[in-house]
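Worksheet: one structure, shown below.
Since every read-out is calculated from the coordinates, none of them should be taken as a lab result. As the structure is a computational prediction, the values presented were derived from the model and not from experiment. Glycine also receives a Cβ, built like all others from the backbone with ideal geometry; neighbour counts cover every protein chain displayed.
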Amino acid sequence: MQNQNVKTKTGANRVVITGMGVISPVGNDTETFFDALVEGKIGVRKTEDSRFAGYKVTLAAEVLDFEPEKYMDKKEARRMDRYCQFALAAADEAVKMSGLPLADMDPFTVGAIIGSGVGGLTTMHNQYDVLFNKGGETRISPLFIPMMISNMAAGQVAMKYGIKGANFCVTTACASGTHAIGEAFRKIKHGDLEAAIAGGAEAPISEIAMGGFTNMKALNTVDDPNLGSLPFDARRQGFVIAEGAGILVLESMEHALSRNATIYGEIIGYGATADAYHVTSPDPEGKGAAGAMKLAMKEADVCPEEIDYINAHGTGTPINDKYETKAIKDALGEEAAYKVAVSSTKGVTGHLLGAAGGVEAVCIAQALRKGIIPPTVGLQEKDPECDLDYVPNIARKADIKIAMSNSLGFGGQNATLIMKKVED
């Protein structure tokens, strides 16, 4: 392929996806995960975990049938928090899918950038219990700190694969995974890396997180799993906490083509902004989120009418969904906004917090590849303030060329990615 085809108009590297990996409440591999999104098989369930007996919130979207020993040594697994295990498992699938010849590459040209909103929260909770109830500070595990810190997923991935390029964690609450992928995209685009393992991982289903999110009235308190996560529906009352990981392998187009890699999509734009408004509420005018979408479209050099699909943040909270709707209208203009297909896959997965952007990036890459838009499951009652085309309940076949994914985090931190289908 000629040089102009592997570079952008400005001479920067084009960045493509060559591998994907998922651990989720609806499947522990990419294909199972995406099939569940398309078929509307919800992963929200009444938790049977005895830790939550008597809690107001009874629903969670937990990862089932996960055996860390499939992906790592049993001793290593015991030395990692669950979120870190998820990251390594998803990376395992993504790297195998990519066929990335890591042994033959300069290790300083490959990075790992993996976001997490809360890191090893379960480990922290358990060690607090040790501190106060089981013997004091002398009984605290010497592995407590490395198990708890949020950057350890990126560190563990680097150690597993021997990669020595840019290695860090992005912690921007529910925007962490999208920011991580965006930062990896930029590192490759501007020549700092040839390839990167990027995404998000989270395992927040712990007593302290359930209690905290419940008391701030963020979680839905209904008992029926089918009514737990209702993005854009008039009956929505809050999100359902979830866990898992979504990881991509990114490469420069030139590097991918040089080894005849299969290309699953191209990242062409990334936007990051702040609301500077409130610790938990999005800006009611949606200006920050709109700004992230506008920046991503500018970098991608696409106009609003060219966006075929938006995977919305769509958490199912009363304020997020109406403010994000307003932001989409602002960013695209009302004419284009009313024509674009929008869906939230959190009706199926629940909200994976810092991992949400990772699994949703996998979603839009698969949507581009397969020409099908996953639906917004649970959307039955229209909200007049949420009046876009949310693809309710039934997947839609479509010739998607360009897709967008939004992630909005507590603290007013917004991130948007734009992907493009790569034709043979």
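Which whole-angstrom value gives the distance between the alpha carbon centres of region 54-103 and region 282-297?
33 Å
Mind listing the long-range amide H neighbours of Asp389? Cut-off is under 5 Å, sequence gap 5 or more, other chains count too, H placed in the peptide plane at 1.01 Å from N.
Val342
With θ set to phi - 60° and the Karplus curve 6.51 cos²θ - 1.76 cosθ + 1.60, what are the ³J(HN,Hα) couplings of region 125-136 in order, to the nearest whole Hz, using x for Gly and Pro?
Whole-Hz 3J(HN,Hα) from phi for region 125-136: 4, 5, 6, 5, 4, 4, 4, 9, 10, 9, x, x.
Search the structure for amide H atoms under 5 Å from the amide H of Ile373, placed 1.01 Å from N in the peptide plane, and list their residues when 5 or more places away or on another chain.
Arg396, Lys397, Ala398
Given only helices, namely DSSP H runs of n ≥ 4 each adding -39500 (n - 2.57), what is the per-residue ellipticity at 222 nm of the chain, to the nearest 500 deg cm²/dmol?
Values: 15 runs with 145 residues, N = 424.
Here the helix-only value at 222 nm equals -10000 deg cm²/dmol.
Compute the distance in nm between two label points, each set 7 Å from the Cα along the Cα-to-Cβ direction, one at Thr262 and one at Asp192.
3.1 nm
Multiply the residue gap between Glu285 and Ala103 by 0.36 nm, knock off their C-alpha separation, and tell me the result in nm, one decimal place.
Values: separation 182, 0.36 × 182 = 65.52 nm, distance 4.94 nm.
Computed gain between Glu285 and Ala103 is 60.6 nm.
Here are some pairs, Lys134/Lys160; Lys298/Lys370; Lys187/Lys421; Lys294/Lys346; Lys382/Lys421; Lys70/Lys217; which of them have Cα atoms lying more than 28 Å apart in this structure?
On the way: Lys134/Lys160 34 Å; Lys298/Lys370 26 Å; Lys187/Lys421 21 Å; Lys294/Lys346 24 Å; Lys382/Lys421 32 Å; Lys70/Lys217 37 Å.
Flagged as over cut-off: Lys134/Lys160; Lys382/Lys421; Lys70/Lys217.
Of the residues Leu388, Leu250, Leu352, which exhibits the maximal mean-square fluctuation in a Gaussian network model of the chain defined by a 10 Å Cα contact cut-off?
Leu388
May I ask you to evaluate 6.51 cos²θ - 1.76 cosθ + 1.60, the Karplus curve with θ = phi - 60°, for each residue of region 169-175 and list the ³J(HN,Hα) values in order in whole Hz, giving x for glycine and proline?
10, 9, 10, 10, 6, 6, 9
Once you place label points 7 Å from the Cα toward the Cβ at Asn133 and Lys74, how far apart are they in nm?
2.8 nm
Could you work out how far apart the two model spin labels at Ala12 and Asn393 are, taking each label as a point 7 Å from the Cα in the direction of the beta carbon, and quote it in nm?
Each label point is offset 7 Å from its Cα along the Cβ direction, giving 4.3 nm.
How would region 119-235 be classified by its alpha-carbon gyration tensor: rounded, prolate or oblate, with rounded meaning a/c under 1.5 and the a/b versus b/c comparison settling the rest? It would help to have the intermediate numbers written out before the result.
Details: a/c = 3.26, a/b = 1.17, b/c = 2.79.
Cα axes put region 119-235 in the oblate bin.
Can you run phi through the Karplus equation (6.51, -1.76, 1.60; θ = phi - 60°) for region 39-54 and list ³J(HN,Hα) in whole Hz, with x for Gly and Pro?
7, x, 7, 6, x, 7, 9, 6, 6, 9, 5, 5, 4, 9, 4, x
Starting from 0.36 nm per residue, how many nanometres of slack lie between His278 and Asp301 once their C-alpha separation is accounted for? Numbers along the way, then the final one.
Numbers: separation 23, 0.36 × 23 = 8.28 nm, distance 3.12 nm.
Full-extension gain reported as 5.2 nm.
I'd like the antiparallel share, as a percent to the nearest 5, of DSSP beta bridges with both residues in the chain.
Expressed as a percentage, antiparallel bridges in the chain total about 70.
Please state the shape class of region 270-420: rounded when a/c is under 1.5, otherwise prolate if a/b exceeds b/c and oblate if not, all from the C-alpha gyration tensor.
On the way: a/c = 1.35, a/b = 1.15, b/c = 1.17.
In terms of gyration-tensor shape, rounded.
Averaging sequence separations of C-alpha pairs under 8 Å and six or more residues apart, then dividing by the length of the chain, give the relative contact order as a whole percent.
Computed over the chain, the figure is 23 percent.
Mind ordering 137-147, 284-294, 71-81, 171-181 by average Cβ neighbours within 10 Å, highest first? The partial results should precede the final answer.
Working: 137-147: 13.5, 284-294: 21.7, 71-81: 16.2, 171-181: 29.9.
Going by the mean number of other Cβ atoms within 10 Å, highest first, we get 171-181, 284-294, 71-81, 137-147.
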